[in-house]
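Notes to accompany the following structure.
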Amino acid sequence: MREQPKISENLLRACLRDQYTLSPLTLEFLPRGLDYDAGVYRVVNEQGTAYLLKATSRSLDEASCLVPRYLRDQGIPAVVAPIPTSLGALWTRAEEWTVIVYPFIDGECSLTGMTNAQWKEVGSIFQRIHQVRLPASSGSSSLRKERFDPTEYTQGIHLFETQHVQEVGSASASQRALRSSWKAHQSTIHTAMDHLQQLAEVLQSRTLPYVICHADLHARNLIRDPSGHVFVIDWDEVMLAPKERDFIFLREPHAEAFFQGYTGAEVDWRLLTYYLWERVVQDLLYLAHNVCFRDDWTEETRVQVAQTFHESLGPAGSNLRAASLASAYLASLSSPFPLHPPFSFSGRG
């Protein structure tokens, strides 16, 4: 369940009118996505043109607007970029909120339903993106760069376990459920951190090629229009990193189709395994924080997020399973009988 952000419709309408010279006829909240600090709206103006408005309370990473705009201007039409304000800015402010407007693409963005042909198209799109080099004027100075430093995750887990896991007191049902699940799966959480730290030590000593990475490439961030074409949205996590950062959500049977579009790929399994474990840890900390420290949510929403936390550590946790399989495959490469890779591609291990 997605709750509507605490921003008034009148404020959004005034922002659209004053900053974008748009007179919205309709403004409809869309309960989409997993970013609990933002909300998106479908806006239709008096001429019948539709737009997507995003309002977020998070600090803006300017690169999340500047980089997709640059990629779009470089001739990659599958990248959905912000529409400039009447003064040419790619975002604006409405009180404590950042507001960004995009073209509205009518299509599907569920986790399921992507065809092999569409995954192949996505592979082709990202091969082009990974080949683009950014000039300083495109926002690259503010772009995050991979450092393979898991210190923040280690501290986050330690802090949560020492200050919150043992608390009972006046905790809500959702908080008690999350703490119980954390305790039950504590060894799994520590195993994830162990893998992350061990891989980080190796990767910090290597010189690696960095490319523009979307860094959150999954089917919910890929809109498929009625003609079947794919568009890439939500560049909030954009960064400079090895290309494997964009491969973490590839799963069979579609991974092979992706690499038919992303031709000649050589996947570094040590890098990919690091990123798979990193995603597991990121999600755990994000979900735990939202259950225990969000005071602007209903208890119903927190209960649902606590359940997501619990499921992510069980048999249904696809990210945990992918990370475990990658670790097993990586370990097997030094044995006389290596395992088959978790997915097939046209490169090497």
Notebook entry, point to check: What order, most packed first, do the peptides 13-19, 283-289 have when packing is the mean number of other Cβ atoms within 10 Å of each residue?
Noted result: 283-289, 13-19
Next item on the list: Compute the distance in nm between two label points, each set 7 Å from the Cα along the Cα-to-Cβ direction, one at Val132 and one at Gln307.
Entry: 3.9 nm
Note to self: List the aspartates and glutamates whose Cα sits under 18 Å from the Cα of Lys183, skipping any in the same chain fewer than 8 residues away.
What the structure shows: Glu161, Glu167, Asp194, Asp283, Glu311
Item checked: Distance from the range 198-257 to the range 40-91 (C-alpha centre basis), Å -> 20 Å
Next item on the list: Multiply the residue separation of His289 and Lys6 by 0.36 nm, subtract the distance between their alpha-carbon atoms, and state the gained length in nm to one decimal.
Entry: 100.0 nm
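Between beta-carbons, use under 15 Å as the cut-off and find the net charge around Leu199, counting Lys and Arg +1, Asp and Glu -1. Don't jump to the answer; show the numbers that get you there.
Details: positive: Arg147, Arg206, Arg245, Arg270, Arg279; negative: Glu146, Asp149, Asp194, Glu201, Glu244, Asp268, Glu278.
Net charge around Leu199: -2.
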Item checked: Positive-end extreme of charge dipole, the range 35-181 - chosen from Val99, Val80, Ala117 (charges on Cβ) -> Ala117
Next item on the list: Quote the FRET efficiency, to the nearest 0.05, computed for Ser141 versus Arg58 with a Förster distance R0 of 30 Å and r equal to the Cβ-Cβ distance.
Entry: 0.90
Checklist line | Nitroxide proxy distance, nm - points 7 Å out along Cα→Cβ at Thr115 and Thr49 | finding: 3.1 nm
Next item on the list: Once you have the Cα-Cα distance between Ser335 and Leu25, take 0.36 nm times their residue separation minus that, and quote the gain in nm to one decimal.
Entry: 105.1 nm
Note to self: With +1 assigned to the C-beta of every Lys and Arg and -1 to the C-beta of every Asp and Glu, and no other charges, what is the dipole magnitude of the range 70-136 about the Cα centre in debye, to the nearest 20?
What the structure shows: 340 debye
Check: What FRET efficiency comes out for the pair His158/Leu208, r = Cβ-Cβ distance, R0 = 25 Å, nearest 0.05?
Finding: 0.30
Check: What order, most packed first, do the peptides 257-264, 152-159 have when packing is the mean number of other Cβ atoms within 10 Å of each residue?
Finding: 257-264, 152-159
Next item on the list: Calculate the tail of P(r) for the range 108-199: the fraction of all Cα-Cα distances greater than 19 Å, expressed in %.
Entry: 67 percent
Next item on the list: Calculate for the chain the 222 nm mean residue ellipticity that helices alone would give, adding -39,500 (n - 2.57) per DSSP H run of length 4 or more and normalising by residue count, nearest 500 deg cm²/dmol.
Entry: -13500 deg cm²/dmol
Check: Within straight cross-link reach of Lys145, meaning Cα distance under 21 Å, which lysines are found once same-chain residues fewer than 8 apart are removed?
Finding: Lys243
Next item on the list: Give the span of the chain's Cα atoms along each principal axis, as three whole-Å numbers ordered largest to smallest.
Entry: 67, 57, 37
Next item on the list: Assuming 1.002 mPa s and 20 °C, estimate D for the range 1-153 with Stokes-Einstein, Rh taken as the Kirkwood radius over Cα pairs, in µm²/s.
Entry: 124 µm²/s
Notebook entry, point to check: Given the convex hull of the Cα atoms of the range 269-341, what is a quarter of its surface area in nm²?
Noted result: 5.4 nm²
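The numbers here are math on the coordinates, done by the rules we state, and not lab data. Small disclaimer: the values here were computed from a predicted structure and weren't measured. Neighbour counts are summed over all protein chains in view; Cβ atoms, including those assigned to glycine, are modelled from backbone coordinates with ideal geometry.
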